[in-house]
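The values are calculated or read from the model by the stated rules, or taken from the named source; none is laboratory data. Treat the numbers as computed from the prediction; the structure is a model and nothing was measured. Quick reminder, even Gly has a Cβ in these numbers, built from the backbone with ideal geometry, and neighbours come from all protein chains shown.
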Amino acid sequence: MLASGYTRMSKRRVFVLMLLVLALPLIVFISMSVGVLPVSPLGLILASLSPNHEVNPVAWAVIWYLRLPRALMAVMAGAVLAIAGVVLQGSLRNPLVSPFTLGVSSGASFGAALAIVLGVGIVGMGAYLIMANAFVFALLATFITLGIARLRGMTAESVILAGIAVMYMFSAGVTLLQYVAREWELTELVYWLMGDLSKASWHRLRYTVLAVIVCIPLFKFAWDLNVLMMGDDAAKSLGTDPSMTRVACACLSALAVSIVVCMTGPIGFIGLMAPHLARLVVGSDHRFLMPTSALIGALLLSTADLVARTIMMPLELPVGVVTAFFGVPLFVHLLLRTRREIWR
Amino acid sequence: MAVKIVVRDITVSYGSIRALDGVSVELESGKITSIVGPNGAGKTTLLKCINGIVRPSAGVVFLDGMDIRKIKQIKLARRMGHVPQLPPLHLPLTVFETVALGRRPYVSWVLSKKDIRTVEEAMKAVGIEHLSDRYFDELSGGERQKVLIAMALAQEPEVLLLDEPTSNLDIRHQLEILNLIRRLAREKNLTVVMAIHDLNLASRFSDIMIMLKDGRIFAIGSPREVLTPENIREVYGVEVTILTNPHLLVVPIGVVP
């Protein structure tokens, strides 16, 4: 049987996927147990089971209102960033692309900066003004990018170059706003720009679920992304429309990432790193690569947030710093270790 | 079933350059048609028009009497396979996975038993069974070419379009690939159209030859009719002698000043 190698490989990939799925509740459980207030896992179960929570109400509140939503937020935000990363890398055929290549993060940062420094916004007030502004400007940046790329036939290069141009433009805007900001505004802005999950709540989690739902239709493009590896012309002759695929992937992932980023700020590197790590374990078939990336992204961000919360307890580090400090060496190590060229 | 492609009065412009200028031709199944002509004569563009990759600014391509613009690209992909001129430099897939991309027009998510069987048959047809689990990146040029042909065959096409299938191959692989193409055309009654530079190979392996010059058909017919010293002088600007024993052989003498 010629297909035996393929079948064996598919089985191995499904196995890896299952392992990752099993790891998820584990990391959520650990995240809930560890923190300034130590809670034993057993007490945790009791706490969540007993309706009149006779166990320590403070512990219960910490777990239920702080740690659980935050752990779930890390899982979902990590998955969204990773999925967006993998479909953008695939549809733009470029290993350096991340969800922020379309200008999402710089747009969001500019929107947040406008709200924080000038108090100018579209809707809402306070924290919601920042969030709404970040969301709107993240989408705006994406549409400008795609609008420019459309003039050049929506080729992969045109999308990337337009995205970089838009990114610089909005970053300059952020710099300008930092320059005119007053001291306390600057502090808030800088804190926002670092990106973290401390603002997680059940309420915000609802939006994150929405972001995950937005990502689901992306799976429909798995085969399209596979044939796009052959180049635009070959993809067309195999029945895939390259620019339609690119636009759909860009719009859906930008929408999902905008929802996440407007709440967490720009958490870099997950969206770049998770797809590459996933390629190392399951190869480049997007049917396996997409779910694996999502799970790896979820695990990475959860772990990073766990480290960020605990490594200098009671002080919390911004999670972005942790992904960079611990993620990058691991990433480089894994990339150097592999014999095979994982990227085309 | 006799698949007939009718190309009617096709014109393609890239900016101010006319790549094709009023080309009309009819192609029959079971026959190998070669498109020859100097660089930039429009060979690749003609293939891409037939495949619907390039939309002509004027003119129509018919597949069995149907305007291909009216056929959905995915339906067209079930009837036409296209082997591109430049295979991707890196493709992080195994040979099996690569050939399986040819099933894209049929699958929605999982490769069915039939899909897998078709992929296996396509690999057997071109003789790459032993490469199944190797990575595409590790293959030689000739092996890659075979993988791409297998991929096109996995589409179960009635029409096979090949762009320079023998460029960058040594003479053994050139003969192997062209023998394979001829066998496939006969066995599966495929309509084969290939763009090719090597006039001698083209003459030996094709039933019909189309000679393009500046986006127009300069000559069309059997290789013996098309490959005359006069035509070659006019189209390529090269003085040649034609030998006919045992195969037609074009021997270049020199460049026409």
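Give me a count of the residues in region B:100-117 that are farther than 18 Å from B:PHE136 by Cβ, within 8 Å of another protein chain (Cβ to nearest Cβ) and assigned to a helix (DSSP H, G or I).
1
From the set of residues in region A:230-240 that are surrounded by fewer than 23 Cβ atoms within 10 Å (Cβ to Cβ) and not in a helix (DSSP H, G or I), which is nearest to the other protein chains (Cβ to nearest Cβ)?
Of everything passing the filter in region A:230-240, A:GLY239 is nearest to the other protein chains (Cβ to nearest Cβ).
Please work out if A:GLU185 is away from chain B (no Cβ under 14 Å), over 24 Å from A:LEU81 (Cα atoms) and surrounded by fewer than 23 Cβ atoms within 10 Å (Cβ to Cβ).
yes
Yes/no per residue for (1) in contact with a helix residue (DSSP H, G or I) (Cβ under 6 Å, 6 or more places away or on another chain); (2) more than 15 Å from B:PRO38 (Cβ to Cβ); (3) not β-branched (Val, Ile, Thr):
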| site | (1), (2), (3) |
| --- | --- |
| B:SER222 | no, yes, yes |
| B:PRO229 | no, yes, yes |
| B:ARG233 | no, no, yes |
| B:THR241 | no, yes, no |
| B:PRO246 | no, yes, yes |
| B:PRO252 | no, no, yes |
| B:PRO257 | no, yes, yes |
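Which condition from (1) in contact with a helix residue (DSSP H, G or I) (Cβ under 7 Å, 6 or more places away or on another chain); (2) of a type in the set (Asp, Glu); (3) over 30 Å from A:ALA304 (Cα atoms) is the one that A:GLU157 breaks?
Among (1) in contact with a helix residue (DSSP H, G or I) (Cβ under 7 Å, 6 or more places away or on another chain); (2) of a type in the set (Asp, Glu); (3) over 30 Å from A:ALA304 (Cα atoms), A:GLU157 violates only (1).
List, please: which pairs have Cβ atoms under 9 Å, are six or more places apart or on different chains, and start with a residue in region A:198-226 that is within 14 Å of chain B (Cβ to nearest Cβ) and end with one that is of a type in the set (Lys, Arg) and assigned to a helix (DSSP H, G or I)?
Note: pairs meeting the criteria are A:PHE219/A:ARG287; A:ALA222/A:ARG287; A:TRP223/A:ARG287; A:TRP223/B:ARG103; A:ASN226/A:ARG287.
Which of the numbered conditions does B:TYR135 fail, given that it passes all the others? Conditions: (1) closer than 22 Å to B:VAL6 by Cβ; (2) out of contact with any His (no Cβ under 7 Å at 6 or more places or on another chain); (3) modelled with pLDDT of 90 or more.
Among (1) closer than 22 Å to B:VAL6 by Cβ; (2) out of contact with any His (no Cβ under 7 Å at 6 or more places or on another chain); (3) modelled with pLDDT of 90 or more, B:TYR135 violates only (1).
Tell me yes or no: at least one residue of region B:186-199 is touching a Ser or Thr at 6+ places or on another chain (Cβ under 9 Å), more than 27 Å from B:GLY22 (Cα to Cα) and modelled with pLDDT under 90.
yes
Restricting attention to region B:88-99, and to residues there that are facing chain A (nearest Cβ under 8 Å) and not aromatic (Phe, Trp, Tyr), which single residue is farthest from B:ILE181 (Cα to Cα)?
Step one: filter region B:88-99 for residues facing chain A (nearest Cβ under 8 Å), giving B:88-94, B:96-97.
Now restrict to residues that are not aromatic (Phe, Trp, Tyr): B:88-94, B:97.
Numbers: B:PRO88: 21, B:LEU89: 23, B:HIS90: 25, B:LEU91: 24, B:PRO92: 27, B:LEU93: 24, B:THR94: 23, B:GLU97: 22 Å.
Only one residue fits best here, namely B:PRO92.
Based on this model, can you work out whether A:ALA235 counts as in contact with a helix residue (DSSP H, G or I) (Cβ under 6 Å, 6 or more places away or on another chain) and within 30 Å of B:LEU86 (Cα to Cα)?
yes
Return yes or no: is A:ILE311 modelled with pLDDT of 85 or more and loosely packed, with under 15 Cβ neighbours inside 10 Å?
Against the criterion (modelled with pLDDT of 85 or more and loosely packed, with under 15 Cβ neighbours inside 10 Å), A:ILE311 qualifies.
How many residues are more than 7 Å from chain A (Cβ to nearest Cβ) and crowded, with 17+ Cβ neighbours inside 10 Å when one looks only at region B:120-129?
Here the count works out to 4.
Listed residues B:SER167, B:SER132, B:SER206; which is within 14 Å of chain A (Cβ to nearest Cβ) and surrounded by 15 or more Cβ atoms within 10 Å (Cβ to Cβ)?
The unique qualifying residue is B:SER132.
Can you find, within region A:254-284, the residue that is surrounded by the fewest Cβ atoms within 10 Å (Cβ to Cβ) among those that are small (Gly, Ala, Ser) and under 10 Å from the mean Cα position of the chain (by Cα)?
Looking at residues that are small (Gly, Ala, Ser) and under 10 Å from the mean Cα position of the chain (by Cα), I get A:GLY268.
Looking at region B:136-152, can you tell me whether even one residue there is at the interface with another protein chain (Cβ under 9 Å from one of its Cβ atoms) and aromatic (Phe, Trp, Tyr)?
no
Every residue in region B:118-139 that is under 23 Å from B:LYS188 (Cβ atoms) and either assigned to a helix (DSSP H, G or I) or charged (D, E, K, R) (or both), please.
B:THR118, B:VAL119, B:GLU120, B:GLU121, B:ALA122, B:MET123, B:LYS124, B:ALA125, B:VAL126, B:GLU129, B:HIS130, B:LEU131 - these are the residues of region B:118-139 that are under 23 Å from B:LYS188 (Cβ atoms) and either assigned to a helix (DSSP H, G or I) or charged (D, E, K, R) (or both).
Taking the condition of being within 13 Å of chain A (Cβ to nearest Cβ) and surrounded by 15 or more Cβ atoms within 10 Å (Cβ to Cβ), how many residues in region B:46-74 meet it?
11
Could you please let me know if A:SER243 is part of a helix (DSSP H, G or I), within 14 Å of chain B (Cβ to nearest Cβ) and over 18 Å from the mean Cα position of the chain (by Cα)?
For A:SER243, the condition - part of a helix (DSSP H, G or I), within 14 Å of chain B (Cβ to nearest Cβ) and over 18 Å from the mean Cα position of the chain (by Cα) - is met.
I'm trying to understand the selection: among the residues of region A:296-308, which are surrounded by fewer than 24 Cβ atoms within 10 Å (Cβ to Cβ) and either under 12 Å from the mean Cα position of the chain (by Cα) or not hydrophobic (A, V, I, L, M, F, W, C) (or both)?
Matches in region A:296-308: A:LEU299, A:THR303.
Evaluate the following for A:VAL136: is it within 14 Å of chain B (Cβ to nearest Cβ) and either among the polar types (S, T, N, Q) or assigned to a helix (DSSP H, G or I) (or both)?
Judged against the criteria, A:VAL136 is not a match.
List the helices (runs of 4 or more DSSP H) inside region B:143-235, counting only whole elements, that have at least 2 residues being more than 30 Å from B:GLY254 (Cβ to Cβ) and not β-branched (Val, Ile, Thr).
B:171-187
For residues that are under 22 Å from the mean Cα position of the chain (by Cα) and under 20 Å from A:LEU96 (Cβ atoms), tally how many sit in region A:161-180. Even if it seems obvious, please write down each step before you answer.
If we filter region A:161-180 for residues that are under 22 Å from the mean Cα position of the chain (by Cα), which is where we start, we get A:161-168, A:170-171, A:174.
Okay, now just the ones that are also under 20 Å from A:LEU96 (Cβ atoms), so A:161-168, A:170-171.
Count: 10.
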